[in-house]
Amino acid sequence: MSFRVLPRLVAVLLGVALAPVLQAWDQEGHAIVNELALGSLPSEFPEFARTGANARRVVMLSSMPDRWRNVDPYLRQSGGSWSDHFIDLEELTQAGLDPKTVPSLRYNFLLLFAAGRVAYAEKFPAIDPARNLDHVREWPGFVPWAIAEHYHRLRSAFGYLKAYEDLGGTAEEIANAQADVVHAMGVLGHFVGDCAQPLHTTWNYNGWTADNPKGYTTWNGFHTWVDSGFITKAGIGRAELTARVARAEPLVLGPRADGRDPFFVATMDYILATWSQLEPLYQLEKDGLLGNRDRPVTPEGRAFFEKQLIAGGTMLGRIWLTAWKLAPVDTFLRNRLGQRQAGGSGKREKAAK
Ligand SMILES: [Zn+2]
């Protein structure tokens, strides 16, 4: 989860031995969200993807997008190592946009945001060029679009798996298509998990930096504590949460009069629900109920984190289930496989292209 809290700076300040510990804590939150989601899937959901080694692989993959930071700065702009993990919702408002109506296609949003950023330039803090060598600070973060794009990739993976299953795919072809499904589930699971964490929805992501009439903490270790420290210190585990996650139901995704992708709208609603927990989170800290490295965690703080982890696991289970139910018909592949079955011109080597 902690993607922009300067883990390298933390390592420098506190000693490099601390860095692996922080990473392990981050993995824990993602693992819990994904395990809760796996446990919520109904028995009709393909068993290969929710049990055994593949389920463990989904959980492992759910932390991989944070590892993509190993190759920063190359993936920071749009490759998923940085700006796909969060959205600073306040920046949309500053640019004259409404999160409830922004375009569901990423590039359409880029055009609108860029225009709004220029029109309302005075509402944005100045950017220090020396701290913006990768040119990411102009942007608000793109996690709603990233989630939608990974969801549709998962739908596609289910679509071509079904083509192989229905039309004589070899055992190897089916196994490869199943591996793609597992990969898509785990990567998608990372970004949905990020959005269960209120600090991934705001520019007050690491201590309050906006106007601060309520006197919320400005502690620059806050994000790391929320991402990882609390879960470990509180000893939050899956067992006690699993029973509180409802059996997954598909998302209700009717066509929209405004033409926007209904899945994107459902994702933004989920993110806005998380954002609504931002001030309650800061208030918990202000009231001394969130604990820190020296102070104990409290039942109130624990309840807050459990609620967010359950919200993430519930949403992720619903997303996976919806992707499976709404898998597209892969017409191209089905035609090729049909030709192959009939002994026609479709070559096996070309079938997957
Ligand atoms: Zn992340």
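The values are calculated or read from the model by the stated rules, or taken from the named source; none is laboratory data. Quick caveat, the model's predicted, so the values are computed rather than measured. Note that each Cβ is placed from the backbone with ideal geometry, even for glycine, and that neighbours are counted across all protein chains shown. Quick note on the areas: whole protein, heavy atoms, side chains included, nothing else; ligands and nucleic acids left out. Shrake-Rupley method; radii C 1.70, N 1.55, O 1.52, S 1.80 Å.
So here's what we get for this one:
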quantity	calculated
Any hit, the range 240-252, residues being part of a helix (DSSP H, G or I), surrounded by fewer than 16 Cβ atoms within 10 Å (Cβ to Cβ) and touching a helix residue (DSSP H, G or I) at 6+ places or on another chain (Cβ under 9 Å)	yes
Complete set of residues in the range 1-40 that are open to solvent by 10 Å² or more (accessible area, probe 1.4 Å), farther than 17 Å from Ile231 by Cβ, more than 14 Å from the ligand (Cβ to nearest atom) and at pLDDT 50 or above	Leu38, Gly39
Pairs, first modelled with pLDDT under 95 in the range 326-353, second among the β-branched types (Val, Ile, Thr), C-beta under 8 Å, six or more apart	Arg348/Thr170
Qualifying residue in the range 68-76 (condition: surrounded by 15 or more Cβ atoms within 10 Å (Cβ to Cβ) and aliphatic (A, V, I, L, M))	yes
Count of the range 52-66 residues which are more than 16 Å from the ligand (Cβ to nearest atom) and at pLDDT below 95	0
Any hit, the range 159-166, residues being open to solvent by less than 20 Å² (accessible area, probe 1.4 Å), within 16 Å of the ligand (Cβ to nearest atom) and not hydroxyl-bearing (Ser, Thr, Tyr)	no
Qualifying positions in the range 106-137 - within 26 Å of His150 (Cβ to Cβ), surrounded by 11 or more Cβ atoms within 10 Å (Cβ to Cβ) and either among the aromatic types (Phe, Trp, Tyr) or over 26 Å from the mean Cα position of the chain (by Cα) (or both)	Phe109, Phe113
The lone exception for Gly193 - which of (1) farther than 26 Å from Glu90 by Cα; (2) within 16 Å of the ligand (Cβ to nearest atom) it fails	(1)
